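J.: One structure follows; several queries about it will come next.
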Amino acid sequence: MRNANRRIVLRTRPEGVAGPEHFAEETVAVRAPGPGEVLLETLYVSVDPAMRVWISENPGYVQRIDPGDMMRGSGIARVVESKVPGLEPGDLVHARTGWQSHPTLEAEAVEKLPAGVTPTDWLGVLGMTGLTAYFGMRAVGGVQPGETVLVSGAAGGVGQIAGQIARLKGCRVVGIAGHESKCRYVVEKLGFDACVSRLSPSFVQDLRAACPRGIDIYFENVGGPVFDAVLPLFNPGSRMTICGLISHYGDAPGEDAKVQARSRAEARGARVRNLSVGTYVAEWHDTFLGEMAPWVAAGEVRYREDIREGFETISTTFAEMLRGENFGKTLVRVSSDPTLTS
């Protein structure tokens with residue numbers, strides 16, 4: 001067991017795009033677990049767009065991360081030492097590890113992985129990423145067969161799953177992604193009916209051609225010029241789920257892109273709802289896993305991961321993801337375990 005716990009903390013609050021310069025690595029002593037606690041070795045950490053909101057001056061309903069605080073987040077870890085019944089050294093767990101190498105956590109922050117699952121699925125398609133896509137499309141979007149569904153950020157962690165759910169529910173699904181390679185993947189591998197590149201000089205025309213009958217549901221991950229191009233396509237009675245607005249995460253304090261997007265979409269006759277995943281966590285096992293796990297096992301939902309290597313790359317990976325340089329759900333492998341197959 002190592003005696004040092006590596007942690008990444010917020011050094012300064014970013015204005016605009018967050019980069020490695022806004023974070024710092026520190027080393028603290030590993031803390032032995034007390035009763036009801038477990039010491040872990042982190043194997044993977046999840047890197048998500050929402051983390052940019054958490055480090056902003058006003059993150060809304062979530063707890064703000066201040067300079068000097070460790071970055072929060074989920075991870076997959078191996079149990080090193082346990083004072084928790086049912087958790088033994090060597091067990092693999094999904095946990096609120098944060099960006100650290102050897103956390104000591106209370107039992108409620110740790111969930112033992114079921115046998116026979118791919119560990120990283122619990123950070124992605126069977127974890128909070130999949131939950132976000134599932135309830136954003138079904139409970140918030142109210143997807144119905146025969147509708148036209150448009151998903152921005154279609155090659156990202158949430159977008160790729162959201163579009164496939166709509167496809168499985170009998171919809172015509174159109175994606176918006178970055179480079180043409182991502183668009184090809186979304187159509188050829190994920191089964192979207194069409195995908196247009198937001199980088200194309202003819203993006204507005206391409207999008208209109210891909211949605212000749214307008215759109216009934218818009219799953220919003222991006223905002224900015226993408227939303228501007230989508231706005232004229234809303235049909236009367238359409239719905240818009242605001243999952244994220246990654247292009248606005250560096251806006252100046254006081255600017256509220258969600259309020260502006262809601263107002264403009266509602267003026268087009270759309271019903272707009274923000275997606276708060278915490279509302280649906282209680283339904284996780286009975287509703288979400290009961291449908292998503294069989295889809296994944298049968299290959300009906302495919303899922304791409306973008307796995308980077310090394311603890312020291314976390315903050316750089318975070319910045320690249322915010323710039324759209326990832327391809328799929330973004331993870332960082334911070335330690336290896338020979339028992340893992342992913």
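The values are calculated or read from the model by the stated rules, or taken from the named source; none is laboratory data. Remember, predicted model here, so these are calculated numbers, not experimental data. All Cβ positions, even for glycine, are placed from backbone atoms using ideal geometry, and neighbour counts span all protein chains on display.
J.: Residue by residue through region 169-187, note down the ones that are more than 22 Å from the chain's Cα centre (by Cα), without any contact (Cβ under 8 Å) to a residue 40 or more places away in the chain and either within 15 Å of ALA154 (Cα to Cα) or buried (at least 20 other Cβ atoms within 10 Å of the Cβ) (or both).
T.: Within region 169-187, just ARG172 meets the criteria.
J.: Please find, among THR12, THR42, the residue that is in a strand (DSSP E or B) and among the hydroxyl-bearing types (Ser, Thr, Tyr).
T.: Within the list THR12, THR42, the selection yields THR42.
J.: Okay, next question. Quick check on region 27-41: of everything there that is among the charged types (D, E, K, R) and over 17 Å from GLY73 (Cα atoms), which residue is farthest from the chain's Cα centre (by Cα)?
T.: ARG31
J.: Then there is this: Restricting the search to region 6-48, which residues are exposed (fewer than 13 other Cβ atoms within 10 Å of the Cβ) and modelled with pLDDT under 95?
T.: Scanning region 6-48 gives GLY16, VAL17.
This table checks each residue for (1) in contact with a Phe, Trp or Tyr (Cβ under 9 Å, 6 or more places away or on another chain); (2) crowded, with 18+ Cβ neighbours inside 10 Å.
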position	(1), (2)
GLU147	no, yes
GLY163	yes, yes
LEU207	no, yes
ILE217	no, yes
ASP228	no, no
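J.: Right, next: Could you look through region 49-81, keep only residues that are over 23 Å from ASP121 (Cβ atoms) and aliphatic (A, V, I, L, M), and pick out the one that is surrounded by the fewest Cβ atoms within 10 Å (Cβ to Cβ)?
T.: The residue in question is VAL62.
J.: Quick one: would you say VAL17 is under 30 Å from LEU190 (Cβ atoms), in a loop (DSSP other than H, G, I, E, B), of a type in the set (A, V, I, L, M, F, W, C) and touching a Gly at 6+ places or on another chain (Cβ under 8 Å)?
T.: Yes, satisfied.
J.: If you don't mind, another one. Across region 82-122, what is the total count of residues that are buried (at least 16 other Cβ atoms within 10 Å of the Cβ), touching a residue at least 40 places away in the same chain (Cβ under 8 Å) and either aliphatic (A, V, I, L, M) or within 21 Å of ALA4 (Cα to Cα) (or both)?
T.: 17
J.: Being in contact with a Pro (Cβ under 8 Å, 6 or more places away or on another chain), among the polar types (S, T, N, Q) and at pLDDT 95 or above narrows it down to one of THR97, THR148, so name that one.
T.: THR97
J.: Looking at region 42-79 only, could you name the residues that are farther than 23 Å from THR27 by Cα and either of a type in the set (S, T, N, Q) or not assigned by TED's automatic domain parsing to the domain that holds GLY16 (or both)?
T.: If the condition is that a residue be farther than 23 Å from THR27 by Cα and either of a type in the set (S, T, N, Q) or not assigned by TED's automatic domain parsing to the domain that holds GLY16 (or both), then SER56, ASN58, GLN63 are the ones that fit.
J.: Sticking with this structure for a sec: If a residue counts only when it is β-branched (Val, Ile, Thr), which strands (runs of 3 or more DSSP E) contained entirely in region 142-211 have at least 2 such residues?
T.: Here the list reads 148-152, 172-177.
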